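Worksheet: the structure to be examined is printed underneath.
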Amino acid sequence: MRTVRRTVPAPQGLGTEVVGVPAGSDLELDLRLEAVMEGVLVTGKVRGTAAGECVRCLDAVTMDVSADLLELFAYPDREAGEEDDDVRELDGDFIVLEDAVRDAVVPALPFQPVCRDDCPGLCSECGARLADDPEHVHESLDPRWAALQGILQDDEKES
């Protein structure tokens, strides 16, 4: 058994279009490597900082991300018939963690990140940030009531 603590640069594509860990930013790996009968079992934590946009108001969002990693890297000389598409193989004497890290971190990211839980978002009519102006409203008439509005205006003119 061996414990490994390293800070490595994040690979490309560690996220979605809305939020992700920027390529080249620091990822902290706190891993435990254990030799088992089938190969090497890697367990531990991956930590980093994700950046993206609030889905409600489009402001920039940064958040800490922590994901558990549990992956078996099988010996390449396994017996015939032991083929399994879900099992990663050792690359000679090396463990290539990029895909395993991606598989752990991307599901740990929020599906719809928000800058704060009570973010009111943007006005659906004009796009104004509702957090800047909580009293923001638009006077709009339902076209079905337009005829009645005309009657009210006629009554005001007669008075």
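The values are calculated or read from the model by the stated rules, or taken from the named source; none is laboratory data. These figures come from a predicted structure and were not determined experimentally. All Cβ positions, even for glycine, are placed from backbone atoms using ideal geometry, and neighbour counts span all protein chains on display.
Checked against the criterion of being over 25 Å from residue 116 (Cα atoms), outside the structural domain of residue 129 (by TED's automatic domain parsing), of a type in the set (A, V, I, L, M) and surrounded by 12 or more Cβ atoms within 10 Å (Cβ to Cβ), the candidates 27, 72, 58, 14 yield just one match: 72.
For region 8-32, a tally of residues being within 22 Å of residue 73 (Cβ to Cβ), in contact with a helix residue (DSSP H, G or I) (Cβ under 8 Å, 6 or more places away or on another chain) and assigned to a loop (DSSP other than H, G, I, E, B) returns 2. Checked against the criterion of being of a type outside the set (Phe, Trp, Tyr) and more than 18 Å from residue 110 (Cβ to Cβ), region 61-68 contains not a single residue that satisfies it.
Each row is one residue, and each column tells you yes or no for (1) in contact with a Gly (Cβ under 9 Å, 6 or more places away or on another chain); (2) among the hydroxyl-bearing types (Ser, Thr, Tyr); (3) at pLDDT below 95; (4) not assigned by TED's automatic domain parsing to the domain that holds residue 22.
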{"site": "111", "(1), (2), (3), (4)": "no, no, yes, no"}
{"site": "115", "(1), (2), (3), (4)": "no, no, yes, no"}
{"site": "129", "(1), (2), (3), (4)": "yes, no, yes, yes"}
{"site": "134", "(1), (2), (3), (4)": "no, no, yes, yes"}
{"site": "139", "(1), (2), (3), (4)": "no, no, yes, yes"}
{"site": "143", "(1), (2), (3), (4)": "no, no, yes, yes"}
{"site": "146", "(1), (2), (3), (4)": "no, no, yes, yes"}
